[in-house]
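A.B. asks: Just dropping this structure here.
The values are calculated or read from the model by the stated rules, or taken from the named source; none is laboratory data. Small disclaimer: the values here were computed from a predicted structure and weren't measured. For neighbour counting, all protein chains shown are included, and Cβ atoms are generated from backbone atoms with ideal geometry for every residue, glycine included.
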């Protein structure tokens, strides 16, 4: 449904579909204007609170049946009882996938609604902890689970305090940034000294375009990594590589591209305490509260969820449609898109990528060829970029290493569907821990490799800044 064509400046590495140049990294190319489909055949024209939670049109027959089985497993609350739908805990962060990813989006986190661990059986956040030398704590592992079933102690609770600072654009308009600071209390075992603790909190990611991400041609991402070096803007993205299942793979998913798959099995295990074929042990195995018989009545020989059921959840996530862009003919949106390119946002938030010819493969071997050979518009290069550590003394450095990613490096967040988050989930918290309370603050938190783009945006007239935000809300 491409309606018009116009000229724009886009990196050559975005166009691995046959365009030739004379060796330059950037050239004039024709880019689509109007209703370019966000995700090819998986694009859905839904603008309601179910914009992230609608199956793609190709989901039919047995796939349609399995999609809704996976949808139910994703949304239904698990309990601590044994058997189908049970297996929750003993410690956990959420009681279902949907408790943190409402309507396949990002549930409003208790971190911001209650300034800490939630009081309703879930937190909609993960609390990562390490020693300052990078080692894990023996009694806790990599994540503090702040919820627990009856008779079991949560591993700890988190509370947040906020530090604010007001800034000005050159034209005098003010904006405010907020730094969240975390304290863990009610440790189930010995308390950890704050002097020996790095703590970083993650709110949920939106589950938009998961199938397309899994079907991406990874050679295209590696080509982007090899060519996305723009010293004039301080940009140099790099890939993360992950050893999972004994295989070294390109990382695509997660805040730091620290996973090569959608982590369905890990999510059931770490987030909900649900044992499965890949993670057959309880997540609190080895903790002192597991010993001495106090929890032995909670242990069962059988796994809490089957591989077949987990693959249905994987299918559900990969078969979700991606909402189409909206208001594409609005003059303000068009002006905002021009400002997006002028600020060089597209050098990291790459507009166009392609999927492999055969699509993706689910965790138990089922293929999804309908995701293959698609032109998609995720607005991400899925690479790691240094996002800086100087803003308000901390920047976006969380000191947490994931694979090759350092604390100040983050995967470029895909922007498709971002303008519908408020309608789907009722809030506009962005970035890894929600510290950006709107899209303007998200931009102004950019440092490091994002500094040049932020400064271009900062120096735009207010009308153009507002137009760029309007464009982002059209995605």
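A.B. asks: Working only within the range 377-407, note down all residues that are buried (at least 21 other Cβ atoms within 10 Å of the Cβ), more than 20 Å from residue 199 (Cβ to Cβ) and touching a residue at least 60 places away in the same chain (Cβ under 8 Å).
C.D. replies: Answer for the range 377-407, where residues must be buried (at least 21 other Cβ atoms within 10 Å of the Cβ), more than 20 Å from residue 199 (Cβ to Cβ) and touching a residue at least 60 places away in the same chain (Cβ under 8 Å): 377, 378, 379, 381, 382, 383, 384, 385, 386.
A.B. asks: Another one. Hey, does the range 202-221 have a residue that's in a loop (DSSP other than H, G, I, E, B), more than 28 Å from the chain's Cα centre (by Cα), in contact (Cβ under 8 Å) with a residue 12 or more places away in the chain and closer than 30 Å to residue 114 by Cα? I'd like the intermediate steps shown before the answer.
C.D. replies: Initial filter on the range 202-221 (in a loop (DSSP other than H, G, I, E, B)): 203-209, 217.
Checking the rest, the ones that are also more than 28 Å from the chain's Cα centre (by Cα) come to none.
No: the range 202-221 contains no residue that is in a loop (DSSP other than H, G, I, E, B), more than 28 Å from the chain's Cα centre (by Cα), in contact (Cβ under 8 Å) with a residue 12 or more places away in the chain and closer than 30 Å to residue 114 by Cα.
A.B. asks: Right, here's the next one. State which residue is nearest to residue 347 (Cα to Cα) when the search covers only the range 237-247 and only residues that are in contact with a strand residue (DSSP E or B) (Cβ under 6 Å, 6 or more places away or on another chain) and either at pLDDT below 95 or crowded, with 20+ Cβ neighbours inside 10 Å (or both).
C.D. replies: Filtering first and then ranking leaves 237.
A.B. asks: Ok, one more. For residues that are part of a loop (DSSP other than H, G, I, E, B) and modelled with pLDDT under 75, scanning just the range 276-292, find the one that is surrounded by the most Cβ atoms within 10 Å (Cβ to Cβ). Even if it seems obvious, please write down each step before you answer.
C.D. replies: As a first pass, look at the range 276-292 and keep what is part of a loop (DSSP other than H, G, I, E, B): 276-287, 291-292.
Restricting the remaining residues to those that are modelled with pLDDT under 75 gives 291-292.
Details: 291: 10, 292: 8.
Only one residue fits best here, namely 291.
A.B. asks: Do you know which residues across the range 240-264 are under 24 Å from residue 309 (Cβ atoms), assigned to a loop (DSSP other than H, G, I, E, B) and in contact (Cβ under 8 Å) with a residue 40 or more places away in the chain?
C.D. replies: Once the filter is applied, which keeps residues that are under 24 Å from residue 309 (Cβ atoms), assigned to a loop (DSSP other than H, G, I, E, B) and in contact (Cβ under 8 Å) with a residue 40 or more places away in the chain, the range 240-264 yields 252, 254, 261, 262.
A.B. asks: Kindly indicate whether residue 273 is buried (at least 23 other Cβ atoms within 10 Å of the Cβ) and over 30 Å from residue 452 (Cβ atoms).
C.D. replies: Working: buried (at least 23 other Cβ atoms within 10 Å of the Cβ): yes; over 30 Å from residue 452 (Cβ atoms): yes.
Judged against the criteria, residue 273 is a match.
A.B. asks: Of (1) assigned to a helix (DSSP H, G or I); (2) touching a residue at least 12 places away in the same chain (Cβ under 8 Å), residue 427 satisfies all except one. Which?
C.D. replies: (1)
A.B. asks: If we scan the range 322-329, do we find a residue that is in a helix (DSSP H, G or I), within 18 Å of the chain's Cα centre (by Cα) and surrounded by 23 or more Cβ atoms within 10 Å (Cβ to Cβ)? Quick ask: steps written out before the conclusion?
C.D. replies: Just the residues of the range 322-329 that are in a helix (DSSP H, G or I), to begin with: none.
No - not one qualifying residue is present in the range 322-329.
A.B. asks: Could you tell me which residue of the range 64-106 is surrounded by the fewest Cβ atoms within 10 Å (Cβ to Cβ), considering only residues that are at negative phi, part of a helix (DSSP H, G or I) and in contact with a strand residue (DSSP E or B) (Cβ under 8 Å, 6 or more places away or on another chain)?
C.D. replies: First, the residues of the range 64-106 that are at negative phi: 64-82, 84, 86, 88, 90-102, 105-106.
Next, only the ones that are part of a helix (DSSP H, G or I) stay: 64-75, 97-100, 102.
Narrowing further to those that are in contact with a strand residue (DSSP E or B) (Cβ under 8 Å, 6 or more places away or on another chain): 64, 67.
On the way: 64: 13, 67: 21.
By that ranking, first place goes to 64.
A.B. asks: Looking at residue 410, is it touching a residue at least 12 places away in the same chain (Cβ under 8 Å), assigned to a strand (DSSP E or B) and under 21 Å from the mean Cα position of the chain (by Cα)? Write out each step before concluding.
C.D. replies: Details: touching a residue at least 12 places away in the same chain (Cβ under 8 Å): yes; assigned to a strand (DSSP E or B): yes; under 21 Å from the mean Cα position of the chain (by Cα): yes.
The answer is yes for residue 410.
A.B. asks: Would you check if there is a residue in the range 119-127 being in contact with a helix residue (DSSP H, G or I) (Cβ under 6 Å, 6 or more places away or on another chain), more than 30 Å from residue 209 (Cα to Cα) and touching a residue at least 40 places away in the same chain (Cβ under 8 Å)? It would help to see each step written out before you state the result.
C.D. replies: Here is the first cut: in the range 119-127, the ones in contact with a helix residue (DSSP H, G or I) (Cβ under 6 Å, 6 or more places away or on another chain) are 122-125.
Of the ones still in play, those that are also more than 30 Å from residue 209 (Cα to Cα) are none.
No, there is no match, as no residue in the range 119-127 is in contact with a helix residue (DSSP H, G or I) (Cβ under 6 Å, 6 or more places away or on another chain), more than 30 Å from residue 209 (Cα to Cα) and touching a residue at least 40 places away in the same chain (Cβ under 8 Å).
A.B. asks: Is it the case, given these coordinates, that residue 182 is without any contact (Cβ under 8 Å) to a residue 60 or more places away in the chain and buried (at least 17 other Cβ atoms within 10 Å of the Cβ)?
C.D. replies: On the way: without any contact (Cβ under 8 Å) to a residue 60 or more places away in the chain: yes; buried (at least 17 other Cβ atoms within 10 Å of the Cβ): yes.
When the stated conditions are applied, residue 182 passes them.
A.B. asks: It is to be established whether one or more residues within the range 293-311 are crowded, with 23+ Cβ neighbours inside 10 Å and either over 30 Å from residue 95 (Cα atoms) or free of Cβ contacts under 8 Å to residues at least 40 places away in the same chain (or both). Write out each step before concluding.
C.D. replies: So the first thing to find is which residues in the range 293-311 are crowded, with 23+ Cβ neighbours inside 10 Å, and the list is 304-305, 310.
Keeping just the survivors that are either over 30 Å from residue 95 (Cα atoms) or free of Cβ contacts under 8 Å to residues at least 40 places away in the same chain (or both) gives none.
There is no residue in the range 293-311 that is crowded, with 23+ Cβ neighbours inside 10 Å and either over 30 Å from residue 95 (Cα atoms) or free of Cβ contacts under 8 Å to residues at least 40 places away in the same chain (or both).
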